[in-house]
Amino acid sequence: MRAVRRLRSSEVAELPAADEEVCAATVTLWGQVAVLTRARSVAETPVPGTVHLGDGDGGWSAVVLRGPSVGFPLLEVLPGGEILVVDARCRRYRDGTADDNAHVFDASGAHVRSFCLGDGIEQIGVDAAGSIWVAYFDEGVFGNLGWSDPLGAAGLVRFADDGRRLWSFQPPPGTDMIADCYALNVDAHTTWLCYYTDFPVVRVTDGRAQLLGSAPVRGSRALVACRDEVVLVGSYDDPCLLTGCELAADGLREQGATVLLDPDGAPLSLFRVVATRGSRLYVRDGRRILCADLADR
């Protein structure tokens, strides 16, 4: 019988004390926690909100956004400190125009530019160069809300921080196209993904996509990787299942049960993924944001 693998986490932040709804959260490449909150309201049009930026010592600075608001926000921070808020949904009109659903704010909260990243966005991530990686779910790949030729048809697209398309995913040999990008991990110079329908695990470096193997579970929504190890997070049956895999010459080999532990060593049976950055898995447990790092094992 294989031994149970344990992945211990540490607390990196506690959510800011604010009488507002948490709409989005992320952790940057540099380990800064960012949380978007908005006033609880029944209004149909949401307000832009406030971004709380962690200082690494348990404190927060609040940036009140002034400009456009979005209905289904995704949050990132660009390398120079600009704040990126993206709406997952975006409509295209009969005249060929489309909504600008990506909004960039400066460090004071002022709106500085907008551009379109397309509809049906599942996840976003920013790399060390400031490129924006956008993963799309099925409606973003095949089209909806007026999109007959979707920006997200490739399933994964890399954009410049002004919205210029820089690169689109091409399936490596032995895999099919992306129908729905379930898992995306954007590190400084490498990106990993796992996607529907066959759930291959693919690594992208210098614009080249390499098949690592087939995921032993279906429906994983996140993954972390370190050297020859990959841990898949979630499945269709259990959103908090952790599946450890070894990268071998013939693909991915399942290594057995993996358990995520809280800082006190107790198993975490229920959590929400906040971000994945290379070997680092960030999750939310109540008001705590925890980090487990494969590199520490």
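The values are calculated or read from the model by the stated rules, or taken from the named source; none is laboratory data. Note that this is a predicted model, so its numbers are computed, not measured. Note: ideal-geometry Cβ built from the backbone for every residue, glycine included; neighbour counts use all protein chains shown. Areas reflect the complete protein model, heavy atoms only, side chains present, ligands, DNA and RNA absent. Shrake-Rupley method; radii C 1.70, N 1.55, O 1.52, S 1.80 Å.
With the condition kept exactly as written, say whether any residue in segment 33-45 is without any contact (Cβ under 8 Å) to a residue 40 or more places away in the chain, open to solvent by 10 Å² or more (accessible area, probe 1.4 Å) and closer than 27 Å to A188 by Cβ. Taking every residue of segment 33-45 in turn, none turns out to be without any contact (Cβ under 8 Å) to a residue 40 or more places away in the chain, open to solvent by 10 Å² or more (accessible area, probe 1.4 Å) and closer than 27 Å to A188 by Cβ. Please go through segment 181-196 and pick out each residue that is surrounded by 20 or more Cβ atoms within 10 Å (Cβ to Cβ), over 14 Å from R227 (Cα atoms) and in contact (Cβ under 8 Å) with a residue 40 or more places away in the chain. Within segment 181-196, C181, Y182, A183, L184, N185, V186, L193, Y195 meet the criteria.
Strands (runs of 3 or more DSSP E) fully within segment 94-136 that include at least 1 residues being under 16 Å from F159 (Cβ atoms) and of a type in the set (D, E, K, R): 111-115, 121-126. Report yes if R89 is basic (K, R), out of contact with any Phe, Trp or Tyr (no Cβ under 7 Å at 6 or more places or on another chain) and open to solvent by 30 Å² or more (accessible area, probe 1.4 Å), otherwise no. The answer is no for R89. Hey, can you tell me all the residues within segment 277-297 that are closer than 12 Å to C226 by Cα and of a type in the set (S, T, Y)? If the condition is that a residue be closer than 12 Å to C226 by Cα and of a type in the set (S, T, Y), then S279 is the only one that fits. Within the set G140, G146, G152, the sole residue that is within 19 Å of the chain's Cα centre (by Cα), part of a loop (DSSP other than H, G, I, E, B) and closer than 25 Å to F72 by Cα turns out to be G152.
Residues of segment 123-137 being of a type outside the set (A, V, I, L, M, F, W, C), surrounded by 24 or more Cβ atoms within 10 Å (Cβ to Cβ) and touching a Gly at 6+ places or on another chain (Cβ under 8 Å), which ones? Hit for segment 123-137 is Y136, nothing else. Reported count of residues in segment 1-37, each being touching a Ser or Thr at 6+ places or on another chain (Cβ under 7 Å), of a type in the set (D, E) and in a loop (DSSP other than H, G, I, E, B), is 1. Restricting the search to strands (runs of 3 or more DSSP E) fully inside segment 197-297 and requiring at least 1 residues that are under 20 Å from the mean Cα position of the chain (by Cα), in contact (Cβ under 8 Å) with a residue 24 or more places away in the chain and within 17 Å of C181 (Cα to Cα) gives 200-205, 208-214, 222-226, 229-233, 272-277.
Against the conditions (1) among the charged types (D, E, K, R); (2) more than 22 Å from D127 (Cβ to Cβ); (3) modelled with pLDDT under 95, D238 satisfies every one except (3).
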